[in-house]
Amino acid sequence: MSRVFPTVRQVLALDPVRRGAPRLVAGEAGLDRPVRWVHVAEVPDIATLLGGGELVLTTGIGLPADDAGLRAFIADLAGVGVSGLVVELGRRYLTGVPKVMAAAAGRHGLPLVELRRATPFVRITEAVHALIVDAQLTELRATEEIHQRFTELSVEGAEPDEVIRQAAELSGCPVVLENLSRQVLAYDPARENAELLLDGWEQHSRRIRPAGRTAYDPDSGWLVTMVGARGEDWGRLLLRWPGGVDLSPGGTDPSGPGDGESNDADDVLGGLAVPPTRLTILVERAASTLALGRLIRRDAEGWERQIHRTLLTALLDRTRPVDEVALRARALGLTLDRRHLVGVVVRHRGEDPADNGPAADPGGDPGLAGAEPGATRLRDLAETVGQALREAKLTGLTSAVDDQAVGVLLALADAAGEERALTAFAAALRRTRPDSRPPDPASRRPGGLIIAAGSGVGSLREAGRSLIEARQVAEAARRDRRDLPIFRLPHVGLAGLLHLLRDEPRLQTFVERELGALLAYDARHPREQLLGTLRAYLEQGRNKSAAASAAHLSRPAFYERLARIGRILDVDLDSVDACLSLHVALLALDAIRTP
């Protein structure tokens with residue numbers, strides 16, 4: 001029977017019924033039975049005309065006078081599945097229904113209610129039938145909104161967080177998405193305390209065992225549905241339904257007054273037994289939207305990695321409160337608070353995504369066959385970094401942090417283990433990824449991987465600084481050919497410092513002041529490119545002969561070019577101070593031009 005029908009409990013709370021001073025005599029356990037219709041009857045054999053789900057109203061005039069007849073009457077009503085029996089006192093029964101009738105109703109679990117004041121039955125039938133129709137219309141409107149909302153989310157390719165947020169908004173209930181290991185992938189507490197909601201989640205979730213693919217677990221109060229597609233489930237979507245509150249638009253709390261007092265009508269009020277149908281529809285539509293989104297994004301990255309990326313990005317950009325990041329990480333089984341945290345960034349040394357590693361992904365996800373080489377390479381690097389973390393027995397957040405690099409936030413027990421952990425991670429990464437070794441000094445083309453680490457910090461609020469430092473060190477070390485297992489800030493020297501300052505307007509102004517005239521000359525004379533001549537001269541320590549050889553020019557031609565550079569820049573290229581300033585400007589220019 002559809003759950004849009006009101007229950008006996010709700011019917012007894014209606015004004016026309018309350019005016020009759022209702023009193024529950026027996027069958028309290030059946031108060032949450034749905035009422036499909038209201039039927040007025042004054043004959044004892046009415047059961048043959050009923051189909052189940054009716055609330056029967058009677059004055060008792062036509063009921064049997066003997067005890068056996070009353071027992072048979074109650075048994076027949078219970079046998080066809082009526083929802084309850086309401087008897088108006090004053091015509092046949094003056095002070096109360098017969099005890100034998102109450103005892104029989106109690107044995108069958110049939111709600112039996114006395115109306116102690118005369119009440120027009122037509123008012124009751126009108127009120128109940130209007131409630132049924134209104135509830136059905138409300139359910140239809142809510143269902144239509146659910147379908148429309150999740151269809152839009154599917155078309156837009158909404159992220160899991162947005163799907164969960166919309167589900168919580170439409171239901172007014174907390175919603176949690178978990179994987180098959182009972183780790184939380186996304187959640188919305190719906191104005192409840194998120195920390196209390198997720199505290200001990202894995203243990204709590206494993207006790208939620210509904211019967212069926214989509215089912216309600218009354219012991220825990222969670223409505224659960226499986227999430228997956230093409231015969232492969234990968235998670236569960238859970239909605240906690242507070243059974244005692246009518247969540248339909250315009251609905252009321254049937255729990256009655258909250259002052260601790262009660263009256264005869266209030267005694268029959270309380271919670272609903274099962275969630276309304278629209279909530280089942282909602283969780284199933286949300287689950288299908290999540291499954292479709294995963295299919296669409298299957299060639300990008302797993303959802304766990306997406307969540308890691310969300311949290312790392314939040315720490316870098318400060319887009320989420322630190323407490324929320326810690327809570328979400330803890331829901332994934334990763335503790336970040338009260339840990340020593342170290343930001344690490346791993347990236348390729350090459351400029352172009354195709355410089356290192358294959359463009360194809362043999363043996364990988366067939367959905368990646370048409371992926372861009374850079375995206376494929378980045379995904380492979382992220383998987384390699386994750387594998388290295390597991391091999392080194394380290395824990396932390398890890399994901400791509402931009403189009404070129406993979407970030408890691410290591411969570412260590414204490415600062416004393418920092419160097420040991422970084423060394424273990426670097427060794428595991430190089431065992432897992434042979435091409436991660438530093439480049440051959442004889443090669444003119446940079447290769448391998450850069451592993452850069454920021455300064456260790458003692459709180460999650462400072463973790464963003466460590467990650468930012470690691471990313472900047474990694475970018476500054478891209479052209480460094482030294483065989484260093486891990487780059488730290490002291491290793492990148494002047495070039496690293498200039499790279500860290502590359503967005504500083506004063507540094508850019510300095511470059512323009514020192515080199516602007518020469519850059520403008522080269523723009524007008526692209527065949528000469530005097531900037532390269534100046535670079536060769538400065539990199540060879542102002543040794544003109546060595547610089548001419550490095551530039552593949554004859555000495556006279558090289559000397560003539562140097563003289564022209566001196567005139568253009570109005571500097572003495574034999575001056576140590578002038579050449580030092582120009583060399584710093586060249587390094588700064590390289591930093592500014594580095595993507």
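The values are calculated or read from the model by the stated rules, or taken from the named source; none is laboratory data. Bear in mind that the values here come from a model prediction, so they are computed numbers and not experimental data. Cβ atoms come from the backbone with ideal geometry, glycine included; neighbour counts cover every protein chain shown. Just the protein is used for accessible areas: all its heavy atoms, side chains included, with ligands, DNA and RNA removed. Shrake-Rupley method; radii C 1.70, N 1.55, O 1.52, S 1.80 Å.
Brief remarks on what is shown
- Just so you know, in the stretch 167-178 the residues that are in contact with a helix residue (DSSP H, G or I) (Cβ under 7 Å, 6 or more places away or on another chain) and open to solvent by less than 20 Å² (accessible area, probe 1.4 Å) include one that is farthest from R240 (Cα to Cα), and it is E178.
- Going through (1) open to solvent by less than 30 Å² (accessible area, probe 1.4 Å); (2) part of a helix (DSSP H, G or I); (3) touching a Lys or Arg at 6+ places or on another chain (Cβ under 7 Å); (4) within 30 Å of E144 (Cβ to Cβ) one by one, I164 falls short only on (3).
- Test: residue in the stretch 9-21 that is acidic (D, E) and in contact with a helix residue (DSSP H, G or I) (Cβ under 6 Å, 6 or more places away or on another chain): no
- Residue count for the stretch 385-418 satisfying the condition of being surrounded by 14 or more Cβ atoms within 10 Å (Cβ to Cβ) and under 21 Å from E469 (Cα atoms): 23.
- Test: residue in the stretch 243-266 that is modelled with pLDDT of 85 or more, of a type in the set (A, V, I, L, M, F, W, C) and either within 28 Å of G200 (Cβ to Cβ) or more than 16 Å from the chain's Cα centre (by Cα) (or both): no
- Search result, residues across the stretch 218-240 that are at pLDDT 90 or above and charged (D, E, K, R): R236, R240
- Residues satisfying the stated conditions in the stretch 189-246, i.e. part of a loop (DSSP other than H, G, I, E, B), under 30 Å from D323 (Cα atoms) and out of contact with any Lys or Arg (no Cβ under 6 Å at 6 or more places or on another chain): P189, A190, R191, E192, N193, D199, G200, R207, I208, S220, W241, P242
- Condition met for L507 (in contact with a helix residue (DSSP H, G or I) (Cβ under 7 Å, 6 or more places away or on another chain), within 30 Å of I568 (Cα to Cα), assigned to a helix (DSSP H, G or I) and at pLDDT below 90): yes
- Exactly one residue among A104, A118 is of a type outside the set (D, E, K, R) and surrounded by fewer than 18 Cβ atoms within 10 Å (Cβ to Cβ), and that residue is A118.
Every residue, every condition in (1) at pLDDT 85 or above; (2) among the basic types (K, R); (3) in a helix (DSSP H, G or I), yes or no:
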site	(1), (2), (3)
D403	no, no, no
G417	yes, no, yes
A426	yes, no, yes
P439	no, no, no
S455	yes, no, no
E469	yes, no, yes
R478	no, yes, no
L494	no, no, yes
R502	no, yes, no
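- Of the residues making up the stretch 497-511, just one is without any contact (Cβ under 8 Å) to a residue 40 or more places away in the chain, surrounded by 14 or more Cβ atoms within 10 Å (Cβ to Cβ) and within 17 Å of S581 (Cα to Cα), namely L497.
A quick yes/no check of all residues on (1) polar (S, T, N, Q); (2) more than 10 Å from G343 (Cβ to Cβ):
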site: I450; (1), (2): no, yes
site: A453; (1), (2): no, no
site: G456; (1), (2): no, no
site: L467; (1), (2): no, no
site: Q472; (1), (2): yes, yes
site: A476; (1), (2): no, yes
site: P485; (1), (2): no, yes
site: L497; (1), (2): no, yes
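- W37 passes every criterion in (1) touching a strand residue (DSSP E or B) at 6+ places or on another chain (Cβ under 6 Å); (2) of a type in the set (A, V, I, L, M, F, W, C); (3) open to solvent by 40 Å² or more (accessible area, probe 1.4 Å); (4) more than 30 Å from I281 (Cα to Cα) apart from (4).
- The listed residue being crowded, with 21+ Cβ neighbours inside 10 Å and assigned to a strand (DSSP E or B), out of L55, L70, L77, L24: L55
- A517 being modelled with pLDDT of 90 or more, of a type in the set (A, V, I, L, M, F, W, C), open to solvent by 40 Å² or more (accessible area, probe 1.4 Å) and farther than 27 Å from E418 by Cα: yes
- From R191, R123, residue being without any contact (Cβ under 8 Å) to a residue 60 or more places away in the chain and surrounded by fewer than 18 Cβ atoms within 10 Å (Cβ to Cβ): R191
- Some residue of the stretch 141-153 being touching a Ser or Thr at 6+ places or on another chain (Cβ under 8 Å) and farther than 24 Å from R36 by Cα: yes
- Pairs are defined by a Cβ separation below 8 Å, a sequence spacing of at least 6 or placement on different chains, a first member in the stretch 322-338 that is closer than 11 Å to A194 by Cβ and small (G, A, S), and a second member that is open to solvent by 50 Å² or more (accessible area, probe 1.4 Å) and outside any helix (DSSP H, G or I); the pairs so defined are A331/Q183.
- Unmet requirement for T277, which otherwise passes all of (1) surrounded by fewer than 21 Cβ atoms within 10 Å (Cβ to Cβ); (2) modelled with pLDDT under 50; (3) β-branched (V, I, T): (2)
- Flag for R482 being modelled with pLDDT under 85 and open to solvent by 10 Å² or more (accessible area, probe 1.4 Å): yes
- Of the residues making up the stretch 543-569, just one is open to solvent by 80 Å² or more (accessible area, probe 1.4 Å) and touching a residue at least 12 places away in the same chain (Cβ under 8 Å), namely Y559.
- Of the residues making up the stretch 132-147, those that are in contact with a Phe, Trp or Tyr (Cβ under 9 Å, 6 or more places away or on another chain), modelled with pLDDT of 80 or more and surrounded by fewer than 18 Cβ atoms within 10 Å (Cβ to Cβ) number 0.
- Condition broken by R338, with the remaining ones in (1) modelled with pLDDT under 85; (2) among the basic types (K, R); (3) outside any helix (DSSP H, G or I) satisfied: (1)
- The set of residues from the stretch 167-182 being outside any helix (DSSP H, G or I), among the hydrophobic types (A, V, I, L, M, F, W, C) and out of contact with any Ser or Thr (no Cβ under 9 Å at 6 or more places or on another chain) comprises C173, V175, L177, L180.
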